[in-house]
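Could you have a look at this structure, given as structure tokens, before my questions?
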Amino acid sequence: MKQLSRFVLIVASLMLLVACGGTAPTTPTAAPSSDAPATDGVDREQLAQELRVYNWTDYIDPALLDAFEQEYGVRVIVDNYDANEDMIAKVRAGGSGYDIVVPSDYAVETMWRDDLLQEINRTWLPNLGNLEPSLLDKYFDPGNRYSVPYMYGITGIAYHRSAFPDGITSWAALFDPVQLERVRGQVSMLDDERETPGAALRYLGHSLNATDAAAIAEATALLQAQTEYLAAYNSSDVNRKLSSGEYLIAHAWSGQAMQARNGLGDEFAGNPEIAFVIPNEGGAIWMDNMAILKESPNAYTAHVFIDFLMRPEIAAQNAGYIGYLTPNAAALALLPDSIKALYAEGFAPDATVMQRLEWMVRDEQSTVFTELWTAVKGQ
């Protein structure tokens, strides 16, 4: 966390740049030239004709898929999932047909321990040096043997400012029955067995990784009482439903909140009323990572695609489109000024907020969260 704070300072400097009226280079949106020189180090004869990626919903700029195909002649097909557990179950069954997956931090550890991932070949990733060093070598993949950081983010509350003119400072906005009554049927929680119990635990004054029986029982009761007020448990289209006004408040990932505010390309329009906050009780910080499946026959092509996404201008374009935080230090100066302004508004953590964030850890005690989630959703 102390190391990551240094990276937050870099982001904070970008916020200051915007506040002072500074500008940054415009991120290129045109596809790279198809006449890439043979000296770029990529052996095109080794490339597959097709690459299949299993990724989170709304988590890559589609223009970059076209750009990669134009440059390398490789068609990239992307399918989506909304939970790590769903992705892992599909991969574990074998024969998934995918080459690259994008597991969150703890899910990376689950997958490499289950021998589901190939080791990364660093010689095929010359752009790895663009990544912020403090975001490498994390607890879930020491030495980054099996994964490469893709995006990171924070989990808090997204809301319509018109519905909450005084702002939001506490998870009570999502858990206190008196406050929930006002937005009954217009509120959602993430459909995630770690994120949603984690929010409840932080509201109750516990670590989001607490597994003792008393804390789990308390969180279970709180979540069961909350269900009558919810429109849904939703991890897939929170962005769209916030933007449209169907939801007035939602437990959300920072990038979903950014998408609700800005819109998402031609997919849907944004809503300037959307704000995002990490409550005073704290929230989660997490990182999603690119990993290559053990069963993939296209490891070389997968590495070329991962390296392509780590080019600074590509990483900046991707982050600007999807709204999550890029781990690519070389890309920060290339982010659009509109994104930097939203970082300063609270869609990215400053040094103070960082002190209230926790990483989710999965270990042998974490099975209690599956049991908790079953009890809550099965009531």
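The values are calculated or read from the model by the stated rules, or taken from the named source; none is laboratory data. As the structure is a computational prediction, the values presented were derived from the model and not from experiment. Here the Cβ is made from the backbone with ideal geometry for all residues, glycine too, and neighbour counts use every protein chain on show.
Report, ordered by the first and then the second residue, all pairs with beta carbons closer than 8 Å, sequence separation of six or more or different chains, a first member in the stretch 122-133 that is more than 17 Å from Glu313 (Cβ to Cβ) and part of a helix (DSSP H, G or I), and a second member that is modelled with pLDDT under 95 and not aromatic (Phe, Trp, Tyr).
Listed pairs, sorted by first residue: Pro133/Gln3.
Answer yes or no: is there a residue in the stretch 110-120 that is touching a helix residue (DSSP H, G or I) at 6+ places or on another chain (Cβ under 8 Å), farther than 23 Å from Trp359 by Cβ and either charged (D, E, K, R) or assigned to a helix (DSSP H, G or I) (or both).
No, there is no match, as no residue in the stretch 110-120 is touching a helix residue (DSSP H, G or I) at 6+ places or on another chain (Cβ under 8 Å), farther than 23 Å from Trp359 by Cβ and either charged (D, E, K, R) or assigned to a helix (DSSP H, G or I) (or both).
Quick check on the stretch 45-69: of everything there that is under 27 Å from the mean Cα position of the chain (by Cα) and among the polar types (S, T, N, Q), which residue is farthest from Ile292 (Cα to Cα)?
If we filter the stretch 45-69 for residues that are under 27 Å from the mean Cα position of the chain (by Cα), which is where we start, we get 50-69.
Those left that are additionally among the polar types (S, T, N, Q): 55, 57.
Working: Asn55: 12, Thr57: 18 Å.
Looking at residues that are under 27 Å from the mean Cα position of the chain (by Cα) and among the polar types (S, T, N, Q), I get Thr57.
In this structure, is Ala163 more than 21 Å from Thr370 (Cα to Cα) and hydrophobic (A, V, I, L, M, F, W, C)?
Spelling it out, Ala163 is indeed more than 21 Å from Thr370 (Cα to Cα) and hydrophobic (A, V, I, L, M, F, W, C).
Next up: So, in the stretch 92-108, how many residues would count as being assigned to a helix (DSSP H, G or I) and either surrounded by fewer than 21 Cβ atoms within 10 Å (Cβ to Cβ) or of a type in the set (Phe, Trp, Tyr) (or both)?
The first filter runs over the stretch 92-108 and keeps only residues assigned to a helix (DSSP H, G or I), leaving 92, 105-108.
Filter once more, so that each one left must be either surrounded by fewer than 21 Cβ atoms within 10 Å (Cβ to Cβ) or of a type in the set (Phe, Trp, Tyr) (or both): 92, 106.
Number satisfying all stated conditions: 2.
Keeping to the stretch 173-211, report how many residues are part of a helix (DSSP H, G or I) and in contact (Cβ under 8 Å) with a residue 40 or more places away in the chain.
Here the count works out to 13.
In the list Ala252, Ala219, which residue meets the criterion of being crowded, with 22+ Cβ neighbours inside 10 Å, in the same structural domain as Pro177 (by TED's automatic domain parsing), modelled with pLDDT of 95 or more and not in a helix (DSSP H, G or I)?
On the way: Ala219 fails: not in a helix (DSSP H, G or I).
None of the others qualify; the one that does is Ala252.
Kindly establish whether Val353 is in a helix (DSSP H, G or I) and within 19 Å of the chain's Cα centre (by Cα). Explain how you work it out, then say what you get.
Working: in a helix (DSSP H, G or I): yes; within 19 Å of the chain's Cα centre (by Cα): yes.
Answer is yes for this residue.
Can you tell me which residue among Glu313, Glu295 is in a helix (DSSP H, G or I) and at pLDDT 95 or above?
Every option except Glu313 fails the conditions.
Taking the condition more than 22 Å from Leu136 (Cβ to Cβ), out of contact with any Lys or Arg (no Cβ under 8 Å at 6 or more places or on another chain) and surrounded by fewer than 23 Cβ atoms within 10 Å (Cβ to Cβ), does Asp363 pass?
Considered against the rule, which asks whether it is more than 22 Å from Leu136 (Cβ to Cβ), out of contact with any Lys or Arg (no Cβ under 8 Å at 6 or more places or on another chain) and surrounded by fewer than 23 Cβ atoms within 10 Å (Cβ to Cβ), Asp363 comes out as no.
Then there is this: Since Ser162 meets every condition but one in (1) in the same structural domain as Tyr321 (by TED's automatic domain parsing); (2) surrounded by fewer than 16 Cβ atoms within 10 Å (Cβ to Cβ); (3) more than 20 Å from the chain's Cα centre (by Cα), which condition does it not meet?
Among (1) in the same structural domain as Tyr321 (by TED's automatic domain parsing); (2) surrounded by fewer than 16 Cβ atoms within 10 Å (Cβ to Cβ); (3) more than 20 Å from the chain's Cα centre (by Cα), Ser162 violates only (1).
Report, by residue number, each residue of the stretch 328-370 that is more than 20 Å from Trp253 (Cβ to Cβ), in contact (Cβ under 8 Å) with a residue 24 or more places away in the chain and of a type in the set (Asp, Glu).
Within the stretch 328-370, just Asp337 meets the criteria.
Can you tell me how many residues in the stretch 141-168 are out of contact with any Gly (no Cβ under 8 Å at 6 or more places or on another chain) and in contact (Cβ under 8 Å) with a residue 40 or more places away in the chain? Working first, answer last.
The initial filter retains those residues of the stretch 141-168 that are out of contact with any Gly (no Cβ under 8 Å at 6 or more places or on another chain), namely 141-150, 152, 157-159, 162-168.
Still in the running and in contact (Cβ under 8 Å) with a residue 40 or more places away in the chain: 141, 146-150, 152, 157-159, 162-164, 167-168.
The number of residues fulfilling the criteria is 15.
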